[in-house]
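Written below as structure tokens is the structure these notes are about.
The values are calculated or read from the model by the stated rules, or taken from the named source; none is laboratory data. The structure displayed is predicted, hence computed values, not measured ones. Cβ placement follows ideal geometry from the backbone for every residue including glycine, while neighbour counts extend to all protein chains displayed. Heavy atoms of the whole protein, side chains included, go into the accessibility calculation; ligands, DNA and RNA do not. Shrake-Rupley method; radii C 1.70, N 1.55, O 1.52, S 1.80 Å.
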Amino acid sequence: MTVQMPISARAFALVLAAFCLVQIAAAQSRPGPANARSAASVQAGDAPPAMGVVEWLQRMHAGARQRNYVGTFVVSAAGGDLSSARIWHVRDGDMQIERIEALSGPPRSTFRRNHHVMTFLPEAKVVKVEKRENLDLFPNLPDKPDSSIGDFYDVRAIGKDRVAGFDADVVQLLPHDGLRFGYRIWSERRSGLVMKLQTIDSDSRVVEQSAFSELQLDAPVKAQALAQMMANTGGYRIEKLELERTSAQDEGWTLKSPVAGFKPRSFYRRGDKTGQDRTVQWTFSDGLASVSLFIERYDEKRAPRDGVLTIGATNAIRRRLPEPASDWWLTAVGEVPQQTLNAFAQSLARTR
């Protein structure tokens, strides 16, 4: 499940650094047993409205898009890792614009205007520019959610609670299998905006938690002011990430068998001007959880090794593909259990 917070981007950067991958721009973490107590504090009675899983997700998705807000968002992982960010979000007609300012780790400001994304790195005096097909809003749903989500998750209303001073409905999404995590979600009662999110593994442990520590809804934020800040690139070197849309068939890749519930969303190719140092990214989603497969040529000079990495709810695997595709390396990354990534790796095959 994707949350529009920088910790996931930071976690992904750690994955790439650990595996010595080529530099790839990527989009978008949950405490241990102590934080499980927050679920126990939820009050029964005055139950949330009776809705199906698709209806709940549509409501949350609309809440993330339709309201103006300013808030501080904190993400924590079971290992003690903690990250926070200040967020400004504005809807102006058909335009969505937001600013995310990292409050921990290296300074970083990310601006998004519809599909246009700019990340300012003040220490390096660099601005990274890219286009994204969606704003990575939580939950990560298309405009018309796939009704098949209900085939893989059930929803259970838990009760009510308060987060950052706001009344919230609390629901739990229960996966049907071990290929995806479960979620406990606090949704602001009037708007549907997600106030707090826990990711839960198959042993009912909270592996990652995200929550607003303070929030101002309907904040008087002007889209023009954010747009002006976004355009102020003086003194920065601009680096544009050029991704070429292609297809798995055209690039010579297939899945021998699908991974239950995960449907392909996009396939992009990235390479240098000579077309040699080429990497492709194949993304999948079940409507909540997402997986990215990064496939690159094997480079003997770097000689990367197989490996696994876990940061909060983000898992990653790195391995050389078996014959006849042994000239290729795969890095699979997603906020899914390790076995899901293994299923993708085992199914991935070269067609030429």
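Some values worked out for this structure:
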read-out: Around residue 348: net Lys/Arg minus Asp/Glu count, Cβ-Cβ under 11 Å; value: +3
read-out: Rounded to whole Hz, the Karplus (6.51, -1.76, 1.60) HN-Hα couplings of region 60-72, x for glycine and proline; value: 5, 4, 5, x, 6, 9, 8, 9, 7, 7, 9, x, 10
read-out: Probe 1.4 Å, accessible area per residue of region 216-262, Å²; value: 64
read-out: Length added when fully stretched, residue 349-residue 246, from 0.36 nm per residue minus Cα-Cα; value: 35.4 nm
read-out: Cut-off under 5 Å, modelled amide H: who pairs with residue 177 long-range; value: none
read-out: Residue 222/residue 126 FRET efficiency (R0 41 Å; Cβ-Cβ; nearest 0.05); value: 0.95
read-out: ³J(HN,Hα) computed for each position of region 230-236 - Karplus, 6.51 cos²θ - 1.76 cosθ + 1.60, integer Hz, glycine/proline x; value: 5, 7, 7, 9, x, x, 10
read-out: Region 56-119 - charge dipole about Cα centre, Lys and Arg +1 at Cβ, Asp and Glu -1, debye rounded to 20; value: 140
read-out: Nearest-20 debye value, region 177-335 charge dipole, Cβ charges on Lys, Arg, Asp, Glu; value: 200
read-out: Given charges at beta-carbon only (K, R positive; D, E negative), |dipole| of region 56-214 in Debye; value: 480
read-out: Label point distance in nm, residue 298-residue 204, each placed 7 Å from Cα along Cα→Cβ; value: 4.6
